[in-house]
């Protein structure tokens, strides 16, 4: 398995980019999984449903199995958020794990940045793991990283595949 990240501030279009990239990669025959980090609380089941009620009753983990999918929910209950390696240990074998978020993580990633959103880019304070910037227009002159146009799906996929790191690297 290999890992590659999509980073950027909120509202930059990371999920929108992934919605285009994932089908393009799976069309190449790759098995793709995703780990998404959010700073918000998330709910994957609804009040009143059995899984919700049992989670609220105190279960640390609830596994749901239906005819078309299964899901594992784990309650932190005050424990610290797991690290990316801890989460990756739960991912079944695939060719590529895309990671949305974890912008400070030590794995290769590209930044999605749109100047008109009005938020500062990450690349000004980047670590060595930022491999390129995907944007809807050319980058400012002070950015020394490669520029990938957001509309160039083939170029984005090629960059991701060329820079994805083997999971054995440890992150």
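The values are calculated or read from the model by the stated rules, or taken from the named source; none is laboratory data. Keep in mind it's a predicted model, so treat the numbers as computed, not measured. Cβ coordinates were reconstructed from backbone atoms using ideal geometry, including for glycine residues, and neighbour counts include every protein chain displayed.
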Among (1) over 12 Å from residue 110 (Cβ atoms); (2) surrounded by 12 or more Cβ atoms within 10 Å (Cβ to Cβ); (3) touching a strand residue (DSSP E or B) at 6+ places or on another chain (Cβ under 7 Å), there is one condition residue 166 misses while meeting the rest; what is its number?
(2)
Just name the residue that is surrounded by the fewest Cβ atoms within 10 Å (Cβ to Cβ) out of those in the stretch 67-80 that are under 30 Å from residue 160 (Cβ atoms) and in contact with a helix residue (DSSP H, G or I) (Cβ under 9 Å, 6 or more places away or on another chain).
71
Matching residues, the stretch 119-146, being within 23 Å of residue 19 (Cβ to Cβ) and surrounded by fewer than 13 Cβ atoms within 10 Å (Cβ to Cβ)
137
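The rows are residues; the columns are (1) at pLDDT 90 or above; (2) assigned to a loop (DSSP other than H, G, I, E, B).
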site	(1), (2)
97	yes, no
103	no, yes
116	yes, no
137	yes, yes
154	yes, no
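So, restricting to strands (runs of 3 or more DSSP E) that lie completely within the stretch 1-66, which ones have at least 3 residues that are surrounded by 13 or more Cβ atoms within 10 Å (Cβ to Cβ)?
Where strands (runs of 3 or more DSSP E) fall fully within the stretch 1-66 and carry at least 3 residues being surrounded by 13 or more Cβ atoms within 10 Å (Cβ to Cβ), they are 2-7, 32-36.
Considering every residue within the stretch 85-95, establish whether at least one is in a helix (DSSP H, G or I), over 16 Å from the mean Cα position of the chain (by Cα) and on the phi < 0 side of the Ramachandran plot.
Looking for residues that are in a helix (DSSP H, G or I), over 16 Å from the mean Cα position of the chain (by Cα) and on the phi < 0 side of the Ramachandran plot, one finds none in the stretch 85-95, hence no.
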Checked against (1) assigned to a helix (DSSP H, G or I); (2) closer than 14 Å to residue 5 by Cβ; (3) free of Cβ contacts under 8 Å to residues at least 12 places away in the same chain, residue 168 satisfies every condition except (2)
